[in-house]
Amino acid sequence: MRKTAQKREKVKKRNDNRVYIFDTTLRDGEQSPGFSMNLDEKLRMARHLEKLGVDIIEAGFPVASEGDFIAVQEIARHIRKPQIAALARADRNDIDRAWKAIAEAAHPRIHTFISSSDIHLRYQLKKSREQVLKEAVDAVRHAREYTDNIEFSPMDATRSDRDYLVDMVQAVIEAGATTVNIPDTVGYTMPDELGDLIGYLFEKVKNINNTVISVHCHNDLGVAVANSIAALKQGARQVECAVNGIGERAGNTSLEEIVMALETRKDILGFSTNIDTKHIYRTSRLLTDITGIPVQPNKAIVGANAFAHESGIHQDGLIKEKITYEIMTPQSVGVTDTNIVLGKHSGRHAVKERLKKIGFMLTDDELSRAFKRFKELADVKKQIFDEDLEELISDTIFRKPDKYKLLYLNVISGNAAMPMAAVRMEVEGKEKQDAEFGVGPVDATVAAIKKITRTKHSLIKYVVNAITGGTDAQGVVTVQLGFNGHSVIGRGSDPDVLVATAKAYINALNRLDSLRTPDTKRTEKPSL
Ligand code: KIV
Ligand code: ZN
């Protein structure tokens, strides 16, 4: 047999063609600016990831903060199907903390890492190769005292000396690592190069067949998905990725893109995953709803235009036969055309059924609250879309009991008046009201709230989006407030953009308040 044919045969035999999807939305994704989530939001996200069918959820980095620890622990307690991974540096204390957080998981995994590139060793760790190799092995051995499900990552692997990388991978497998992840930490490598590196590891690492090889690609040069596919072709069987491609800097491999690429081009790639693709769009929407950061309209798979055909020639072809311009159906990722659902004549039962259909199983009490809010909304908005219902649920059901509440807002504005806002609020159960002028109506509204709450946070970001089309669309306002090095996102929705602004600002104040008093005692299962 010729050498390349032999090589291809070896790659084929390496594993079956099942690819494990390791989701890092709640770790690499959550640590990136603007994507921080509170405990309830992380649990909702994790529950959706479980429904989506991911194999492993990386729930966080427990040693990083008390909040991270609690979130990982709660996810480990409630999410039972996927493996729950906790990240730890190659350090005994980190590993002990990671284990403590995931000990109650049905399928716990410790993910430990240390850098392997000379650049990192020389400038960041200031340690020799021998020293770092020993620390990697010690870390895996220590983790082995807790579990036999251990992932090891040589950070900055793609810029590491290949033979040193071979030594490190071989040594950690020998020490008990069951998954070895090859991170392209700085998003520097190219598909052929990464494929070649994975092939090299399969050739040189003697005990490599005792482990699953994984890849973790960053998207700095826009090729994270292509890199991940190249690695799979050379024998990797785990891909680390995040919903909407969020993550450090330019993000990680996008979950929806890698999954749909493997699904749509099964004919040439031949891989399968456990993902229920019909749940992709909803999971992506949940993330944008929670963080208030939308995906760009032309984003593959989940962007607003991903299935919109504008050109006359394309529309003509589609009417004749969908396959002319459609490589996958919108339904296959959960985008439906049946979005218009309810109006002011819809009853409680219809609302309940629709909520069930889009994934919300509410208790009777939750349904009563949601239905009351639905009726209020339907009074001012003719058609209630699925997106409106999602927003309504996140506004009425999943919001924590608040320190601050908006009771009343009246704004005077226009080109012949000095903008002025009068606000009445409840602050820790007591009603307070005040008024303020501003350079515009938004400024006046925020100034009045600041006056009542005696707060002085800087407004880092203010974004207004319409959830659906039409002049009666609900406005969704996202604000980001900064305070003492913390930043927090607040969101509010209402057909009136100024009311949405007040709600968002107050929501951010409540979140800041809960950051100072973390909700450590919450143990009940969320209703989603
Ligand atoms: O990008 C990276 O190297 C990482 C590791 C912790 C896996 O996120
Ligand atoms: Zn990363």
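The values are calculated or read from the model by the stated rules, or taken from the named source; none is laboratory data. Computed from a predicted structure; not experimentally measured. Because the Cβ atoms are built from the backbone with ideal geometry, glycine has one as well, and the counts that use them run over all protein chains shown. For accessibility, only protein heavy atoms count, side chains too; no ligands or nucleic acids. Shrake-Rupley method; radii C 1.70, N 1.55, O 1.52, S 1.80 Å.
Odds and ends about this structure:
- Within the same chain, aspartates and glutamates fewer than 8 places from residue 352 are excluded, and of the rest, those with a Cα less than 17 Å from its Cα are 364, 365, 366, 376, 386, 387, 388, 390, 391, 395.
- Of all DSSP beta bridges in the stretch 2-291, antiparallel share, percent nearest 5: 5 percent
- Summary of the geometry: the stretch 401-421 and the stretch 156-177, compared by the centres of their Cα atoms, lie 60 Å apart.
- Length-normalised contact order of the chain in % [C-alpha pairs under 8 Å, at least 6 apart]: 10 percent
- Sum of -39500 (n - 2.57) over DSSP H runs of 4+, divided by residues of the chain (222 nm, nearest 500): -12500 deg cm²/dmol
- Positive minus negative residues near residue 447 (Lys, Arg vs Asp, Glu; Cβ under 14 Å): +1
- For residue 20, the residues 5 or more places off, or on other chains, whose built amide H falls under 5 Å of its own are 238, 239.
- Were the residues from residue 129 through residue 315 laid out at 0.36 nm apart, the gain over their Cα-Cα distance would be 61.0 nm.
- Legend: residue pairs 81/278; 100/126; 278/344; 233/322; 403/430; 299/320, Cα-Cα distance threshold 20 Å; pairs beyond threshold, 100/126; 278/344; 233/322; 299/320.
- 3J(HN,Hα) couplings calculated from phi for the stretch 82-91 with the Karplus curve 6.51 cos²θ - 1.76 cosθ + 1.60 (θ = phi - 60°) are, in sequence order, x, 6, 10, 9, 10, 8, 8, 5, 6, 8 Hz; Gly and Pro show x.
- Span-rule helices in the chain, defined as complete DSSP H runs reaching 27 Å or more along the axis (Cα) with Kyte mean at least -1.0: 497-516
- Among the listed pairs 405/450; 356/503; 42/456; 450/503, a Cα-Cα separation exceeding 20 Å is found for 356/503; 42/456.
- The chain, accessible area per residue, ligands and nucleic acids excluded (1.4 Å, Å²): 46 Å²
- The residue among 447, 498, 457 whose Cα reaches farthest toward the positive pole of the charge dipole of the stretch 404-515, with charges on the beta-carbon of Lys, Arg, Asp and Glu, is 457.
- The residue 382 and residue 138 beta-carbon pair, evaluated with R₀ = 51 Å, returns a calculated FRET efficiency of approximately 0.20.
- Site-free segments of the chain were taken between GluC sites (Glu not before Pro) in DSSP loops having at most 13 other Cβ atoms within 10 Å, sites themselves excluded; the longest one is 146-309.
- A cut-off of 5 Å between modelled amide H atoms, ignoring neighbours fewer than 5 places along the same chain, links residue 184 with 216, 217, 218.
- Its relative contact order, with pairs defined as Cα atoms under 8 Å and 6+ residues apart, puts the stretch 2-291 at 20 percent.
- Spatial separation of Cα centroids for the stretch 335-385 and the stretch 430-476, in angstrom: 27 Å
- In terms of its C-alpha gyration tensor, the chain has a prolate overall shape, because the principal axis ratio a/c (a ≥ b ≥ c, square roots of the eigenvalues) is not below 1.5 and a/b outweighs b/c.
- DSSP-defined antiparallel bridges as percent of all bridges, the chain, nearest 5: 50 percent
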